[in-house]
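Notes follow the structure.
Nothing in this text is a laboratory measurement; each read-out follows from the coordinates by a stated rule. Owing to the predicted nature of the structure, the values given are computational and were not obtained by experimental measurement. Quick reminder, even Gly has a Cβ in these numbers, built from the backbone with ideal geometry, and neighbours come from all protein chains shown.
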Amino acid sequence: MNIHLVNILFALAIFILVVISGALPFLKMKTKDKHHHDFSYGETIATGIFLGAALMHILPESNHQFIQQGIHYPISYLMAGLTFLFFLWLEHLSKELYQNNFSQHAFIGVAWAMLSAHSFFEGSALGLSSELSVVLVLFMAIISHKWAEGFAMAVQLVKSHTSKKISLVLYLIYALMTPVGILIGNYFQSPDQNLFGPICMAISAGTFLYFGTLHGLERCVLVKRCCDLKHFSYVILGFLLMALVA
């Protein structure tokens, strides 16, 4: 099976899923539900897959590609660590804006930027992967949480004071980020011709590590849900699944 065709089909499927996920809040334009919507087991298994993908596939592959191009400093790990810290800072900034009653536009803007950036880099990680087994597992991890993330993003945009037109534009950009990341990663899949691949993979690993561990802070999966042995077993399952295909 042609891996490039698979990536294009997956990009289209993810875009359709995100659009459908956000349709209901925008059609209603009013919602009384302020709770976090998700599929708990899908999110926990995705957490394990993100951790396994970052540690056992994306980071080692990025480092290997840098070495092939004559760069022996562990720049992949440096970039992944800096990306992790940057997302942690962004989330703390978002929390501070919310708690100190800053402009709602600023709070929504930071949250939108975080999720859009993560969406792009998770897509690029999938697009840059040349092994079908890795692509399939990453695709499953993405769709298992993407619908909930998309719904939550749409709800926040609808609840904000942003105009309907701007909210729709922001959501459409967010919906396109993962497919665009997949297509760009797919285009730059040949590692011997450029530095884009290893750089993008290193940043992707940092986003995977953050969204697989601390994303959501107080309600992050590894803090809130993994005290439940059943949920924790799904994290382990996702991690082992990535270990198997890597």
- request: Using Cα centres only, tell me the gap between segment 136-171 and segment 59-79 in whole Å.
  value: 33
task: Give me Val135, Val110 ranked fewest to most by other Cβ atoms within 10 Å of their Cβ, as a rough exposure proxy.
output: Val110, Val135
message: Taking 25 Å as R0, compute the FRET efficiency from the Cβ-Cβ separation of Leu214 and Lys28 and round it to 0.05.
response: 0.20
For Ser133, Ser163, order by how many other beta-carbon atoms lie within 10 Å, fewest first: Ser163, Ser133
- request: For a label point 7 Å from the Cα of Leu244 along Cα→C-beta, name the residues of segment 122-155 whose backbone N is under 12 Å from it.
  value: 137
Which of His92, His4 has the fewest Cβ neighbours within 10 Å, and the rest in rising order: His92, His4
